[in-house]
Amino acid sequence: MDRPPRLLTFEFVGVCLVSFLALCNLTAFYDLFHYLETLGIHPGLRGLVVGGYSLTAMLLLLLASPFVHSGNVTRVMLLGIALLTVAGVSYLAVDSFWGLLGLRMIGGVGQFCLGAGAMTTLVAVIPPEKSGQAFGIYSVAILIAFAAVPALMDTFAAAVGGAAHGYAVATLTLAPAVWIVLRIRSRQRGRLAGAARQTQVPSWADIRANVRQPMVLLLLVINASYFVQWTSLFFLFKGFARQQGIANVATFFTAQMGVMIAIRSLGGHLFDRVDKVRLAGASFTLIGLGHLALYEFPGTWATAPIAVIFGLGMGAGYPSINGFMFEVSEPRFRALNANLMLFTVQAGSFLGPVLGGALIAYGGYRSYFLFGIVLAIAAGSLVPLLARRRRLLAVQAANAIRAHTREPLSDCGTE
């Protein structure tokens, strides 16, 4: 009897660790906006410096992802580590607007190289029947970095002499990633030889045809909607909490992230045993309910329960959406589509605070929460289209098999 494929291989665990280390370096810059203020950078330019990182990574994910493949992936990841290290150390010497913008753009290139390389490696080692569980475990590494590093950096930066020194020293988190990437390269030299080693870049015609597939396009839109809501809530909730007199804002995110981490850590097999489309639909339903609860905020006592609602919805969303993209993608486009999903992460991370901030500025927090409700409903309404499209593809596949055996299905328009 054949043994079921293993998920927890060195390559899979190694990629998760590399992604965690990269996110530790990224989240070390959570107070960059305040640091720019201490340098006297004009308020109107600070957002451009902060956003330059995501914009650079976003553009490269859109334009350069097809050129990252199993034949060059470790070189790309090592280049990313080098660029992130150079950029981080350079904060010790650079304090001008143009210099800092340049460092953020270099960091964005480095994040693209490391993130795209890690995702390309990840989809190459995931067993197809364990895609939901794989993305659940992978995302736990991201959540832990977001939950732990900002709090640690406050103490750490003060101990080493300020934010710039903290950014420089934070690059040390990337040192173990070098060993992991080199180890992955040595292990995969033989395994990825021959037919399994992809070195041919798909044509732009093939790429356009892939992206135009309704399932792929729908999942990209749904993932972008998810991250617009996730990042806008993360960055904008603190102001609402102060307005409502919530004393300890951290408890909201502690409860939310605790639930998200628990779901993705303990419910791994759930993401493959339960229909991913239904999980995605339930996710947006809960997110919409969370925004509704904040829109009709009943009092500070409801802070923790509302955080749990968001934790349940957002905890199930990412693994189900990304696992389903893995399932519906052609094998030769899995790495490309995974990196396009990263593009929607960056796009959502950029648009979320921008749109949410504008709504709050012109209409207050209730207008922002109303936007969250509408966006959750809109994204959730796309989920049945996924289910319908999946049924259609299943019928088409069955017809193709029957046609090959000269037994067409009589209930699908054949005679």
(request) For Leu292, state whether it is in a helix (DSSP H, G or I) and surrounded by fewer than 18 Cβ atoms within 10 Å (Cβ to Cβ). (result) yes
(message) Report every pair of residues separated by at least 6 positions or lying on different chains whose Cβ atoms are under 6 Å apart, first residue within the range 212-224 and assigned to a helix (DSSP H, G or I), second among the hydroxyl-bearing types (Ser, Thr, Tyr).
(response) Leu220/Thr344; Asn223/Thr344; Ala224/Thr344
(message) Taking the condition of being under 15 Å from the mean Cα position of the chain (by Cα) and among the aromatic types (Phe, Trp, Tyr), how many residues in the range 98-132 meet it?
(response) 1
(request) Under 8 Å between Cβ atoms, at least 6 apart or on separate chains: pull out the pairs that start in the range 271-282 with a residue that is closer than 13 Å to Gly317 by Cβ and part of a helix (DSSP H, G or I) and end on any residue that is among the acidic types (Asp, Glu) and modelled with pLDDT under 85. (result) Lys276/Glu327
(request) Starting from the range 111-125, take each residue that is more than 13 Å from Leu23 (Cβ to Cβ) and list its partners that are of a type in the set (D, E, K, R), counting only C-beta distances under 7 angstrom and pairs at least six apart or across chains. (result) Thr121/Glu11; Val123/Arg334; Val125/Glu11
(request) Output the number of the condition that Phe333 fails; it satisfies all remaining conditions of (1) crowded, with 24+ Cβ neighbours inside 10 Å; (2) within 23 Å of Ala387 (Cβ to Cβ). (result) (1)
(request) May I ask you to list the residues in the range 189-217 that are modelled with pLDDT under 75, surrounded by 15 or more Cβ atoms within 10 Å (Cβ to Cβ) and among the polar types (S, T, N, Q)? (result) Gln198
(request) Output the residue which, of all residues in the range 143-167 that are surrounded by 20 or more Cβ atoms within 10 Å (Cβ to Cβ) and among the aliphatic types (A, V, I, L, M), is modelled with the lowest pLDDT. (result) Ala157
(request) Give the number of residues within the range 71-99 that are surrounded by 19 or more Cβ atoms within 10 Å (Cβ to Cβ) and not in a helix (DSSP H, G or I). (result) 1
(message) Show the residue pairs meeting these rules: Cβ distance below 7 Å; 6+ apart or different chains; first residue within the range 350-367 and free of Cβ contacts under 8 Å to residues at least 40 places away in the same chain and among the hydroxyl-bearing types (Ser, Thr, Tyr); second residue crowded, with 16+ Cβ neighbours inside 10 Å and in a helix (DSSP H, G or I).
(response) Ser367/Leu359
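If I filter the range 225-254 down to residues being outside any helix (DSSP H, G or I) and modelled with pLDDT under 80, which single residue comes out as farthest from the chain's Cα centre (by Cα)? Please lay out each step first, then the result.
Quick first cut of the range 225-254, residues outside any helix (DSSP H, G or I) only: 245-249.
Those left that are additionally modelled with pLDDT under 80: 247-249.
Values: Ala247: 30, Asn248: 27, Val249: 24 Å.
It comes out as Ala247.
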(message) Looking at the range 287-305, can you tell me whether even one residue there is outside the structural domain of Ser139 (by TED's automatic domain parsing), farther than 17 Å from Phe240 by Cβ, in contact (Cβ under 8 Å) with a residue 60 or more places away in the chain and among the aromatic types (Phe, Trp, Tyr)?
(response) no
(request) Please verify whether the range 168-175 includes one or more residues that are of a type in the set (Ser, Thr, Tyr) and at pLDDT 80 or above. (result) yes
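The rows are residues; the columns are (1) among the small types (Gly, Ala, Ser); (2) more than 30 Å from Ser265 (Cβ to Cβ).
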| residue | (1), (2) |
| --- | --- |
| Cys24 | no, no |
| His34 | no, yes |
| Leu39 | no, yes |
| His42 | no, yes |
| Val50 | no, yes |
| Ala57 | yes, no |
(message) Which numbered condition in (1) surrounded by 15 or more Cβ atoms within 10 Å (Cβ to Cβ); (2) over 16 Å from the mean Cα position of the chain (by Cα) is the only one that Met58 fails?
(response) (2)
(request) Determine whether the range 13-33 contains at least one residue that is closer than 15 Å to Thr121 by Cα and free of Cβ contacts under 8 Å to residues at least 60 places away in the same chain. (result) yes
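The values are calculated or read from the model by the stated rules, or taken from the named source; none is laboratory data. The model shown is predicted, which means the values in this text are computed figures rather than measured ones. With ideal geometry, Cβ positions are generated from the backbone for all residues, glycine too; neighbour counts draw on all protein chains shown.
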